[in-house]
Amino acid sequence: MDYQTSGVCSKTIQIEVEEKEGEKYIKSVKFVGGCHGNTQGISKLVEGMAVKDVIEKLEGVRCGSKQTSCPDQLARALKSL
């Protein structure tokens, strides 16, 4: 899935999800644009995690004075699955 971000430096989040025993898990995440080191770190941290756990941890994270962030955009993308 390609998710078009809004309100952050990254432009797109490319997400691969797989289902195991009725639960969705993150297979891979790649941010296009944004702070490369940070987005690469987020991607590695969430790989293999359950989608619901990633949403719970990242939803509502803000970047400075912005109302959202790259982690929050990832949570929003996952909620749209």
- Provide the per residue accessible area, probe 1.4 Å, for region 1-80, rounded to a whole number of square angstrom. 61
- Message: Give me the one-decimal Kirkwood hydrodynamic radius in Å for the chain, with the sum taken over alpha-carbon pairs.
- Response: 12.4
- Relative to the longest principal axis of the C-alpha atoms of the chain, give the angle of the C-alpha long axis of helix 70-79, reported between 0 and 90° and rounded to the nearest 10°. 40
- Message: Please report the net charge: other residues with Cβ closer than 11 Å to the Cβ of residue 6, K and R +1, D and E -1.
- Response: +2
- Using just the helices of the chain, give the 222 nm mean residue ellipticity in deg cm²/dmol: DSSP H runs with n ≥ 4 each add -39,500 (n - 2.57), and the total is spread over all residues, rounded to 500. -10500 deg cm²/dmol
- So which residue, out of 21, 59, 47, gets the largest mean-square fluctuation from a GNM of the chain using Cα contacts under 10 Å as springs? 21
- Message: For the chain, what does the relative contact order come out to in percent, with C-alpha contacts under 8 Å and a separation of six or more?
- Response: 26
- For residue 5, other-chain or 5+-apart residues with amide H closer than 5 Å (H placed, Pro excluded) are 12, 13
- Integer Hz, Karplus 6.51/-1.76/1.60 couplings in order for region 22-29, x for Gly and Pro: x, 10, 8, 10, 6, 8, 7, 9
- Query: Near residue 72, within a Cβ-to-Cβ distance under 14 Å, what is the net charge of the other residues, with Lys and Arg +1 and Asp and Glu -1?
  - Reply: +3
- Heavy-atom accessible area of the chain with neighbours in place, 1.4 angstrom probe: carbon+sulfur share in percent works out to 48
- Inverse of <1/r> over all distinct C-alpha pairs of region 39-81, i.e. the Kirkwood Rh in Å, gives 10.4
- Message: From the phi angles alone, apply the Karplus equation (6.51, -1.76, 1.60; θ = phi - 60°) to region 45-56 and give each ³J(HN,Hα) in whole Hz, x where the residue is Gly or Pro.
- Response: 5, 8, 4, x, 7, 5, 3, 4, 6, 5, 4, 4
- Query: For residue 24, which lysines qualify as cross-link partners when the Cα separation must be under 20 Å and same-chain residues fewer than eight apart are set aside?
  - Reply: 44, 52, 57, 79
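The values are calculated or read from the model by the stated rules, or taken from the named source; none is laboratory data. Everything numeric here is computed off the predicted structure, so don't read it as measured data. All Cβ positions, even for glycine, are placed from backbone atoms using ideal geometry, and neighbour counts span all protein chains on display. Each accessible area value is taken on the protein alone, full model and side chains, heavy atoms only, with ligands, DNA and RNA left out. Shrake-Rupley method; radii C 1.70, N 1.55, O 1.52, S 1.80 Å.
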